[in-house]
1. Looking at B:GLU96, is it of a type in the set (D, E, K, R), at pLDDT below 95 and surrounded by fewer than 16 Cβ atoms within 10 Å (Cβ to Cβ)?
2. Would you mind telling me which numbered condition in (1) at the interface with another protein chain (Cβ under 7 Å from one of its Cβ atoms); (2) surrounded by fewer than 18 Cβ atoms within 10 Å (Cβ to Cβ); (3) in contact with a Pro (Cβ under 7 Å, 6 or more places away or on another chain) A:LEU15 fails?
3. Report, by residue number, each residue of the stretch A:18-30 that is more than 7 Å from every other protein chain (Cβ to nearest Cβ), more than 11 Å from the chain's Cα centre (by Cα) and charged (D, E, K, R).
4. State all residues of the stretch B:131-166 that are more than 8 Å from every other protein chain (Cβ to nearest Cβ), closer than 18 Å to A:ILE16 by Cβ and hydrophobic (A, V, I, L, M, F, W, C); if no residue qualifies, say none.
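The values are calculated or read from the model by the stated rules, or taken from the named source; none is laboratory data. Treat the numbers as computed from the prediction; the structure is a model and nothing was measured. Cβ: placed from backbone, ideal geometry, glycine included. Neighbour counts: every protein chain shown.
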Amino acid sequence: MRCPVGRIAAFVDDLIQNRRPRRFKASPEELHAIRAAAELAGMRPGADRPDRQFVEHVFASINITVGRVFP
Amino acid sequence: MVEGALYTDWESIYQDNVVKVYRLMFSRVGNRPDAEDLTSEVFVKSLPNLSLPSPVVQVNSYINVAIRSVLADHWRRHYGAPLVDVEVDNIGQALEVSPATEGTGRAGRILALLPDRSRAILELRFLRGCSIKEAAREMGVTPGNAKIIQYRALRLAAEIGQGMLS
């Protein structure tokens, strides 16, 4: 089993590769570290811009859901 | 925003807010797959419960509540975070997030306040995308040491970030 240093290093690796990070039960110190890492991951220019296809896909899902609730 | 402005259709609500919500989610989770899932959850959860027309202020507040709830659930389910420990202090400003650019914004200010070695490892990793081995080589340390420096730097960054909130 990894220690906190190893878990956080793996978490950062995932963020840098823009992969879904592995999940683990984090200690309070680790939680602080992963939240800081998440914030820093948005610094690369363009990193936080949504994909256009994603935006369209969600809108289509909302239309279906809203249509079901208010037919 | 015009005082008393109303939203009269779902599309306007979505188009006005989707990018802001996505960017806020990205700033909290740091990766595209999770940011997409959480953004989708906010809209699919919150929009169908709104009645229209609704004041813009009310819709924004509704979306902010949904963001808080979705994020809290994410941290609890995947990392075991207690609900009280979820950072939501800035979520109220969710719809006013400014664009992230290298070296500017809150993250840039946090980096600027770090000691040299801490800043160096985080810049190598997050801005230049170096692997831990590459970052270690650049800094003249072993990969094991680089991981320790990185862990300490992130904890320090978290403390600085907390200080900015309070």
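1. So B:GLU96 fits the description; yes.
2. Checking A:LEU15 against (1) at the interface with another protein chain (Cβ under 7 Å from one of its Cβ atoms); (2) surrounded by fewer than 18 Cβ atoms within 10 Å (Cβ to Cβ); (3) in contact with a Pro (Cβ under 7 Å, 6 or more places away or on another chain), the one that fails is (2).
3. A:GLU30, the sole residue that qualifies.
4. B:ALA135, B:ALA136, B:MET139, B:ALA146, B:ILE149, B:ALA153
Residue-by-condition table, conditions (1) touching a strand residue (DSSP E or B) at 6+ places or on another chain (Cβ under 7 Å); (2) crowded, with 18+ Cβ neighbours inside 10 Å; (3) within 8 Å of chain B (Cβ to nearest Cβ):
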site: A:PRO4; (1), (2), (3): no, no, yes
site: A:GLY42; (1), (2), (3): no, yes, yes
site: A:GLN53; (1), (2), (3): no, no, no
site: A:VAL58; (1), (2), (3): no, yes, yes
